[in-house]
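The values are calculated or read from the model by the stated rules, or taken from the named source; none is laboratory data. Worth saying up front: this structure is predicted, and the values here are computed from it rather than measured. Note: ideal-geometry Cβ built from the backbone for every residue, glycine included; neighbour counts use all protein chains shown.
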Amino acid sequence: MTTTLIWGKQVVTRITGTSSAEVITDGAVVQRDGEIIEIGSYRDMRAKYEVDEEIGGSNQVVIPGLINAHHHVGLTPFQLGALDAPLETWIISRWAMRDVDPYLDTLYCAIQMIESGITTVMHNHMAARLPADVGLFDAASQIVDAYEDSGMRVAFSLSHRDQNHLVYEDDEKFLATLPSELASGVRDHINARPITLEDYLTANAELLDKKQSDRTNIFISPHNVHWCSDDMLRAMSDFARRNNTGLHIHLQETIYQKMYGSRHWSKTPLGHLLELGVLGPEVSCAHGVWLTESDVDILAETGTAICHNPSSNLRLKSGVAPINRLMDRNVTVAIGIDEAGINDDNDIIQEMRLAQKIHREPGISSRSPTSHQVFELNTVNGSKITFFEDQIGTLEPGKRADLVLINMDRIEEPYLHPDTDIVDALVFRGKGLDVDTVIVDGEALLRNKVFERLDKADVIARFKDSLARPLTEREISRGALSKQLMPSIEKWFSAWPLETGDPHYTYNLAD
Ligand SMILES: [Zn+2]
């Protein structure tokens, strides 16, 4: 049995209100074999327990592990050659992205996430983008294995779709509008890795059967409402309910996706999911930028959660999700980086800061999230949507010991007013680079900025080596195909006059 005492000048155990937290000054957390045994003053804990080791520092703050509630891949699309653009064209420009080794890509990203204080991630991986030379289960296992090797907690989902691959209408109908040579190249591309619904469910059954670490949960993921047939949505939802996996789906990320609902079902995509019986507390939806007031009611009534990705929504011109309205209605909201983040890295502390700033609506009496509320979204709410709620999110006896130690030197120097609340200090001034030590299940994955499980230099060198080759024929021709197709995609969406209505937030007026 290993007993550790983790200490700091302050221990933030949990958020207690919109502007308050339980903070123990000169505090310590005692963990034994991954479970938190007791929390108290350093002096008392030191006197009471014989410990194998002590981890901490006199200018460090101990907080619960942070949770990235929506994430896809390691190397960002920008790194791989796809510049930010509106989602509908961006997904086509992503065809130009290089093929990467999923195992190394995941390890690379786990390194970035751990370094910024992320202990748990909701990883959502497009099944069709996995290497085609191995079976779906084996390919997906490479990612799960990488997380298990990294020591992080993961809620892993394979996302899948069966329609509207190009624009928001039937593929063949759109292909018929293209010159025949371009159409056949595009058809070959979208059929390059055919995956049936049965293949998908079988691979997920295998993932569930495979012995998983306690740090891994498997989720089911229809990619987005308009990208899945009703049969697929129902089958995935049934599978998720039968296996208690939870379901993660993209939702109303852009105005075009909301408009697709109006055109096809005379209701929003969320309204359509309600009608299909898919919603519930086990369902989390990424984005929800274009939610209507009645959508907010549906989320509140069904207990369905939203994973908010502010950086991504700015980068892809999606808009600003109505998080203030969701929080008014006690909808569960968690925060994700959606693989890139405003600095094109995976710094969850900066994402927390952006989430706090972007919802500051003009007006003396308008509401906006406090640091404490945002901190809660990144801890407790993240634990709910990843199905680790009973184990993590707060520091308290009986929970698992997932903790982060943050150096306060850069945050406080040369001066920070002594009355500054510690949660405000972290959310206003913290960065991933202030993270010193990251512990999951009582195990230090990063200690004094040095990885204990992973050999960072070796992973980066191997990954760099795997990418040192010139672009392959396949990668070059995919890039050319996407460029050739792009004007037709832009033209198709340009023909949709954008819906108008009252915004949830008013940032400025034209007259
Ligand atoms: Zn996403």
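Contact map, segment 154-182: first residue basic (Lys, Arg), second residue at pLDDT 95 or above, Cβ cut-off under 8 Å, separation 6 or more or different chains; pairs are Arg161/Pro222; Arg161/His223; Arg161/Asn224; Arg161/Trp227; Arg161/Cys228; Arg161/Met232. Consider segment 310-331 and keep the residues that are part of a loop (DSSP other than H, G, I, E, B) and either at pLDDT below 95 or not hydrophobic (A, V, I, L, M, F, W, C) (or both). The one that is surrounded by the most Cβ atoms within 10 Å (Cβ to Cβ) is Pro322. Scan segment 223-258 for residues that are touching a Pro at 6+ places or on another chain (Cβ under 7 Å) and closer than 16 Å to Tyr200 by Cα and the total you get is 5.
Yes/no per residue for (1) under 26 Å from Ser221 (Cα atoms); (2) crowded, with 20+ Cβ neighbours inside 10 Å:
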site: Ser19; (1), (2): no, no
site: Gln31; (1), (2): no, yes
site: Glu54; (1), (2): no, no
site: Trp90; (1), (2): yes, no
site: Met97; (1), (2): yes, yes
site: Pro102; (1), (2): yes, yes
site: Tyr108; (1), (2): yes, yes
site: Arg129; (1), (2): yes, no
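For segment 252-280, the set of residues classified as at negative phi, touching a strand residue (DSSP E or B) at 6+ places or on another chain (Cβ under 8 Å) and either within 16 Å of the ligand (Cβ to nearest atom) or not assigned by TED's automatic domain parsing to the domain that holds Trp227 (or both) consists of Glu253, Gln257, Pro269, listed by residue number. Restricted to segment 490-500, and to residues there that are part of a loop (DSSP other than H, G, I, E, B) and in contact (Cβ under 8 Å) with a residue 40 or more places away in the chain, the residue that is nearest to Ser365 (Cα to Cα) is Glu499.
So, of the residues in segment 281-298 that are over 18 Å from Leu498 (Cα atoms) and within 16 Å of the ligand (Cβ to nearest atom), which turns out to be surrounded by the fewest Cβ atoms within 10 Å (Cβ to Cβ)? Among residues in segment 281-298 that are over 18 Å from Leu498 (Cα atoms) and within 16 Å of the ligand (Cβ to nearest atom), the one surrounded by the fewest Cβ atoms within 10 Å (Cβ to Cβ) is Val283.
Being within 17 Å of Ile306 (Cβ to Cβ) and assigned to a loop (DSSP other than H, G, I, E, B) is a property that Glu361 lacks.
Within segment 380-402, being touching a helix residue (DSSP H, G or I) at 6+ places or on another chain (Cβ under 6 Å), touching a residue at least 24 places away in the same chain (Cβ under 8 Å) and at negative phi holds for one residue alone: Ile392. Of the residues making up segment 410-421, not a single one is buried (at least 21 other Cβ atoms within 10 Å of the Cβ) and among the aliphatic types (A, V, I, L, M).
Summed over segment 339-393, the residues that are away from the ligand (no atom under 16 Å from the Cβ), among the acidic types (Asp, Glu) and under 15 Å from His71 (Cβ atoms) give a count of 2. With respect to being within 16 Å of the ligand (Cβ to nearest atom) and either under 26 Å from Gly117 (Cα atoms) or of a type in the set (A, V, I, L, M, F, W, C) (or both), Leu316 fits the description.
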